[in-house]
Amino acid sequence: MMDHRMGVYLDNAATSFPKPEAVHEAVVAAMRDIGASPGRGGYGQALAASRLLMTVRESLAALINAPDPARLIFTHNATAALNQAVFGVLSPGDHVVTSAMEHNSLLRPLRLLEKSGVTISMIPADSQGLLDPQAIRQAIRSNTRMIAISHVSNVTGGIQPVAAIADLAKAAGCLLLLDAAQSVGVIPLDMQETGVDLLAAPGHKGLMGPQGTGFLALAPGVMIKPLLAGGTGSSSDQDLQPDDFPEGFEAGTHNLPGIAGLGAAVAFVKETGVARIGRHEHDLAQYLREKLAQLPGLHLYGPVDPLQRTGVLSLTIEGMDPSELAFFLDKSYGIAVRSGLHCAPHAHRTIGTYPAGTLRVSPGWFSTMQEMDYLYEALTAIIQKGHS
Ligand SMILES: Cc1ncc(COP(=O)(O)O)c(C=O)c1O
């Protein structure tokens, strides 16, 4: 067995750890060498900050083939991007089609909007957590303004049929909002080819950037209202919030060190290859799954077909509370995994693990086969002891 004091981090679906060394360096360099705010002055440091922002914006846009880098808005996480997307687009009288697999970061803003006259249809998924595009098609109404779904479930790792759903949105003349929190950096994304109108993503998960980073990318022509109003460093003579991209949608001082780190992270991800990173995580999870499938009383969730899954894996052990299991893995083995509902209660209703939830294992780019073996041995020992 490995030495548990080393610590094994397997919660990359929450936030990736560790980050590439270049990310640490970029964060420190932005703080030490730039310091200033973009668009807030004509001196050298402020101009360097503006250039940095533009470079990272362009790099991110290229990564997901977003048509216009200026329409890529920096946010502090995926939650802020999703809030900007739904509050920015939807008005009373609009209808939204969403699903039972969504994270609270999407569901809760939609529920808030419901109070002011937006209606919602929540489409159920099958017992594997997968959506049927036909069910989405049937839910579309004449006032459907948006289909809002996640690309990959943070509970099961199941990959939704986004291309088919994008075709439906296009045919119906409504917008597709994609929550790419669990796919960016793991599955190659092409906003234009797929036909995604709004793409919300964190910078700190699959992209391996610092916490406190994220973005919302918009296709040309998608009109939104800003969620925040305040200083933009532009049109300062006007009382009203400017609506030009990107400044009008990034009020307040940017997380420049975070964005600098995100830039280095995206460079690392591009150099390594998104498909290669995704395959590595998938292969580790698949290896673990095959071993775990032999253990008595252990249940695995998510799509049966390995091609419909990423590296996120959910499990339960009969007679054991997932939170107790996670606590024990941490305390006795130094393994960091997440338990509970993972902010997606309806996903657990769907797969039959509500209310206790599951134990979620999510390897990252820096995770190893040896760590999978170690977790397997730990779970085997726990099952054999019958308890903690
Ligand atoms: C599917 C999904 N959407 C949204 C989020 C929210 O991401 P953030 O923590 O960056 O706000 C998460 C994070 O767990 C997620 O898994």
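The numbers here are math on the coordinates, done by the rules we state, and not lab data. Because the structure is predicted, anything quoted here is derived from the model rather than measured. Every residue, glycine as well, gets a Cβ built from its backbone with ideal geometry; the counts of neighbours run over all protein chains shown.
Neighbours of Gln211 by Cβ distance under 14 Å: Lys/Arg scored +1, Asp/Glu scored -1, total +1.
Taking the DSSP beta bridges with both ends in segment 21-272, the antiparallel portion is around 40 percent.
Give me the tail of P(r) for segment 199-350 as a percent: Cα-Cα pairs with distance above 23 Å. Intermediate values should be presented prior to the final figure.
Values: 6728 of 11476 pairs.
Of all Cα-Cα pairs in segment 199-350, 59 percent lie more than 23 Å apart.
About its Cα centre, the dipole of the chain is roughly 360 debye, where the only charges are +1 on Lys and Arg Cβ and -1 on Asp and Glu Cβ.
May I ask you to list, by number, the DSSP H helices of the chain whose Cα span along the axis is at least 20 Å and whose average Kyte-Doolittle hydropathy reaches -1.0 or more? Let's see the in-between values first.
Numbers: long enough: 44-63 (28 Å, 0.77); 256-272 (24 Å, 1.15); 274-292 (27 Å, -0.83); 369-385 (24 Å, -0.04).
Once both thresholds are applied, what remains is 44-63, 256-272, 274-292, 369-385.
Any idea how many Lys pairs in the chain come in under 21 angstrom at the alpha carbon, given 8 or more places apart or on separate chains?
Taking the Cα cut-off of 21 Å, the pair count is 6.
The residue among Leu256, Pro242, Val118 whose Cα reaches farthest toward the positive pole of the charge dipole of segment 21-272, with charges on the beta-carbon of Lys, Arg, Asp and Glu, is Val118. Considering only Phe17, Ser59, Asn77, the residue lying farthest towards the positive end of the dipole of segment 10-121 is Asn77, judged by Cα position with unit charges set on Cβ. Which whole-number percent of Cα pairs in segment 121-226 have a distance greater than 18 Å? Percent of Cα pairs beyond 18 Å in segment 121-226: 49.
Counting Lys and Arg as +1 and Asp and Glu as -1 over every other residue whose Cβ lies under 14 Å from the Cβ of Ala70, the net charge comes to -4. From its DSSP helices (H runs of at least four residues, each -39,500 (n - 2.57)), the chain gives a residue-normalised ellipticity at 222 nm of -11500 deg cm²/dmol.
Residues whose amide H falls under 5 Å from that of Leu175, counting only those 5 or more places apart or on a different chain, are Met146, Ile147, with hydrogens built in the peptide plane.
Within segment 139-208, antiparallel bridges make up roughly 10 percent of the DSSP beta bridges whose residues both belong there. Would you mind pulling out the separation of the Cα centroids of segment 199-243 and segment 117-173, in Å? After rounding, the separation between the Cα centres reads 25 Å. In terms of surrounding Cβ atoms within a 10 Å radius of their Cβ, Arg141, Arg338 rank from fewest to most as Arg141, Arg338.
The Cβ shell under 9 Å around Asp11 holds other residues with a net charge of +2, Lys and Arg each +1, Asp and Glu each -1.
Classify the chain: rounded, prolate or oblate, from the alpha-carbon gyration tensor (a ≥ b ≥ c, eigenvalue square roots; a/c under 1.5 rounded; otherwise prolate if a/b is larger than b/c)?
Values: a/c = 2.13, a/b = 1.31, b/c = 1.62.
Note, shape of the chain comes out oblate.
Can you tell me the relative contact order of the chain? Whole percent, Cα pairs under 8 Å, sequence separation 6 or more. Worked out over the chain, it gives 24 percent.
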